[in-house]
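Enquirer: Below are the structure tokens for one structure; questions will follow.
The values are calculated or read from the model by the stated rules, or taken from the named source; none is laboratory data. Being a predicted model, the structure only gives us computed values, none of them experimental. Positions of Cβ are backbone-derived with ideal geometry, glycine not excepted, and every protein chain shown enters the neighbour counts.
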Amino acid sequence: MGLHINPSILSADFADLTGELARISSADMAHVDVMDNHFVPNLTFGPPVVERIRAVSPIPLDAHLMIEDPDTWAPVYAEIGCASVTFHLEAATAPVRLARELRAAGAKASVAVRPATPVESLIDLLPEFDQILIMTVEPGFGGQRFLDVCLPKIARMRKAISASGLDVMLQVDGGISTETIERAVEAGANVLVAGSAVYGAEDAEQAIAHLRETGRRAAAAAAEA
């Protein structure tokens with residue numbers, strides 16, 4: 001599957017999103033955090049802004065919806081062209097139906113869980129998803145510290161994905177840096193969301209390259225272990 005680095009534009013300068021997206025053109029996707037100030041205590045942007053971001057972005061969009069009622073709103077993000085759309089298991093009423101709607105609209109279907117939400121209920125549903133996102137911070141704000149207590153959960157999900165034989169990506173979001181990416185990858189993650197570690201660097205492209213190389217080394221070491 002390879003290792004993917006998806007910088008979060010939550011840490012970007014919103015006054016110059018075109019320029020900030022250009023800074024991460026070597027990344028795999030741009031991670032777009034959509035928050036409604038209800039599911040999480042923060043407010044970012046909705047479909048019109050995300051559609052404009054998609055139009056100017058040099059790389060595909062990975063939309064992470066931290067919102068209430070994703071059953072209604074998630075398909076909208078697929079329809080406006082987001083390559084991958086993630087909704088939260090805790091907020092969805094019918095996650096399987098929603099995942100199928102996202103795929104029918106042309107997007108990858110992804111489901112996220114908060115740090116305290118068990119992943120076991122997703123194991124039998126793996127064929128319905130293209131990606132599982134395990135939050136390693138409480139969703140809502142960037143710049144938080146990585147929660148190591150989530151590492152066993154990442155490892156359990158990786159074991160389940162491997163046993164299934166399915167091509168399901170395992171994404172980790174929250175506190176990813178050159179200091180934490182090794183632990184996340186060793187546990188089984190292969191899609192890493194990094195915000196301040198990329199946008200806080202003077203050279204964002206160099207930061208992406210460093211994260212990617214550090215992650216690849218950790219993956220190779222884990223494979224040999």
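Enquirer: Whether any residue in the range 34-42 is among the aliphatic types (A, V, I, L, M), in contact with a His (Cβ under 8 Å, 6 or more places away or on another chain) and outside any loop (DSSP other than H, G, I, E, B) is what I want to check.
Expert: Initial filter on the range 34-42 (among the aliphatic types (A, V, I, L, M)): 34-35, 40.
From what's left, in contact with a His (Cβ under 8 Å, 6 or more places away or on another chain): 34.
Okay, now just the ones that are also outside any loop (DSSP other than H, G, I, E, B), so 34.
There is at least one residue in the range 34-42 that is among the aliphatic types (A, V, I, L, M), in contact with a His (Cβ under 8 Å, 6 or more places away or on another chain) and outside any loop (DSSP other than H, G, I, E, B).
Enquirer: Out of ALA112, ALA104, ALA83, which single residue is of a type in the set (A, V, I, L, M, F, W, C), touching a Pro at 6+ places or on another chain (Cβ under 9 Å) and free of Cβ contacts under 8 Å to residues at least 24 places away in the same chain?
Expert: Numbers: ALA112 fails: free of Cβ contacts under 8 Å to residues at least 24 places away in the same chain; ALA83 fails: free of Cβ contacts under 8 Å to residues at least 24 places away in the same chain.
ALA104 is the lone residue from the list that is of a type in the set (A, V, I, L, M, F, W, C), touching a Pro at 6+ places or on another chain (Cβ under 9 Å) and free of Cβ contacts under 8 Å to residues at least 24 places away in the same chain.
Enquirer: Then there's this: Looking at the range 43-83 only, could you name the residues that are farther than 26 Å from GLY2 by Cβ, assigned to a loop (DSSP other than H, G, I, E, B) and at pLDDT 95 or above?
Expert: Correct list: THR44, GLY46, ILE67, GLU68, ASP69, ILE80.
Enquirer: Which one is nearest to ILE161 (Cα to Cα) among residues in the range 190-203 that are within 18 Å of the chain's Cα centre (by Cα) and not polar (S, T, N, Q)? I'd like the intermediate steps shown before the answer.
Expert: To start, the set of residues in the range 190-203 that are within 18 Å of the chain's Cα centre (by Cα) comprises 190-199.
Now drop any that are not not polar (S, T, N, Q), which leaves 191-195, 197-199.
Working: VAL191: 14, LEU192: 17, VAL193: 20, ALA194: 23, GLY195: 26, ALA197: 28, VAL198: 28, TYR199: 31 Å.
Among those that are within 18 Å of the chain's Cα centre (by Cα) and not polar (S, T, N, Q), it is VAL191.
Enquirer: Do you know which of the residues in the range 101-126 that are under 15 Å from PRO70 (Cβ atoms) and of a type in the set (A, V, I, L, M, F, W, C) is surrounded by the fewest Cβ atoms within 10 Å (Cβ to Cβ)?
Expert: Ranking the qualifying residues of the range 101-126, first place goes to ALA105.
Enquirer: OK, next. Scan the range 70-79 and tell me whether some residue there is in contact (Cβ under 8 Å) with a residue 60 or more places away in the chain, closer than 25 Å to GLU20 by Cβ and touching a strand residue (DSSP E or B) at 6+ places or on another chain (Cβ under 9 Å). Step through it out loud before you land on a result.
Expert: First pass over the range 70-79, keeping only residues in contact (Cβ under 8 Å) with a residue 60 or more places away in the chain: none.
The answer is no, given that none of the residues of the range 70-79 is in contact (Cβ under 8 Å) with a residue 60 or more places away in the chain, closer than 25 Å to GLU20 by Cβ and touching a strand residue (DSSP E or B) at 6+ places or on another chain (Cβ under 9 Å).
Enquirer: For the range 41-100, name all the residues that are of a type in the set (Asp, Glu) and surrounded by 21 or more Cβ atoms within 10 Å (Cβ to Cβ).
Expert: If we filter the range 41-100 for residues that are of a type in the set (Asp, Glu), which is where we start, we get 51, 62, 68-69, 71, 79, 90.
Within the range 41-100, ASP62 is the sole residue that qualifies.
Enquirer: If I go through the range 140-190 residue by residue, how many of them are part of a helix (DSSP H, G or I) and modelled with pLDDT under 95?
Expert: Taking the range 140-190 and keeping what is part of a helix (DSSP H, G or I), we get 148-164, 181-187.
Now restrict to residues that are modelled with pLDDT under 95: none.
Residues meeting the conditions: 0.
Enquirer: Here is a follow-up. So which of VAL96, VAL32 ends up being at pLDDT 95 or above and under 16 Å from the mean Cα position of the chain (by Cα)?
Expert: Working: VAL96 fails: under 16 Å from the mean Cα position of the chain (by Cα).
From the options VAL96, VAL32, the qualifying one is VAL32.
Enquirer: Within the range 127-138, is there a residue that is in a helix (DSSP H, G or I), surrounded by fewer than 17 Cβ atoms within 10 Å (Cβ to Cβ) and acidic (Asp, Glu)? If you could, list the steps in order and put the result at the bottom.
Expert: Keep residues of the range 127-138 that are in a helix (DSSP H, G or I), which gives 127-128.
Checking the rest, the ones that are also surrounded by fewer than 17 Cβ atoms within 10 Å (Cβ to Cβ) come to 127.
If we keep only those that are acidic (Asp, Glu) too, we end up with none.
No, the range 127-138 contains no residue that is in a helix (DSSP H, G or I), surrounded by fewer than 17 Cβ atoms within 10 Å (Cβ to Cβ) and acidic (Asp, Glu).
Enquirer: Sticking with this one: Going through VAL40, VAL34 one at a time, which residue ends up being more than 19 Å from GLN206 (Cβ to Cβ) and either touching a Pro at 6+ places or on another chain (Cβ under 6 Å) or of a type in the set (Ser, Thr, Tyr) (or both)?
Expert: Values: VAL34 fails: either touching a Pro at 6+ places or on another chain (Cβ under 6 Å) or of a type in the set (Ser, Thr, Tyr) (or both).
Matching residue, one of VAL40, VAL34: VAL40.
Enquirer: HIS4 - would you say it is modelled with pLDDT of 95 or more and closer than 12 Å to CYS82 by Cα? Talk me through it step by step, then tell me what you get.
Expert: On the way: modelled with pLDDT of 95 or more: yes; closer than 12 Å to CYS82 by Cα: no.
So HIS4 does not fit the description; no.
Enquirer: Collect the residues in the range 197-225 that are under 21 Å from PHE141 (Cβ atoms) and surrounded by fewer than 18 Cβ atoms within 10 Å (Cβ to Cβ), keeping them in residue-number order. Spell out how you get there, then give the answer.
Expert: Looking only at the range 197-225, we keep the residues that are under 21 Å from PHE141 (Cβ atoms), and these are 197-201, 204, 207, 211.
Listed by number, the residues that qualify are GLY200, ALA201.
Enquirer: If I filter the range 109-122 for residues that are assigned to a loop (DSSP other than H, G, I, E, B), within 23 Å of VAL50 (Cβ to Cβ) and touching a Phe, Trp or Tyr at 6+ places or on another chain (Cβ under 8 Å), do I get at least one hit?
Expert: The initial filter retains those residues of the range 109-122 that are assigned to a loop (DSSP other than H, G, I, E, B), namely 114-119.
After this cut, where a residue has to be within 23 Å of VAL50 (Cβ to Cβ) as well, the list is 114.
Checking the rest, the ones that are also touching a Phe, Trp or Tyr at 6+ places or on another chain (Cβ under 8 Å) come to none.
No: zero hits.
Enquirer: Quick one: how many residues across the range 201-225 are assigned to a loop (DSSP other than H, G, I, E, B) and at pLDDT below 95?
Expert: First, pick out the residues of the range 201-225 that are assigned to a loop (DSSP other than H, G, I, E, B): 201-203, 225.
After this cut, where a residue has to be at pLDDT below 95 as well, the list is 225.
So the answer is 1.
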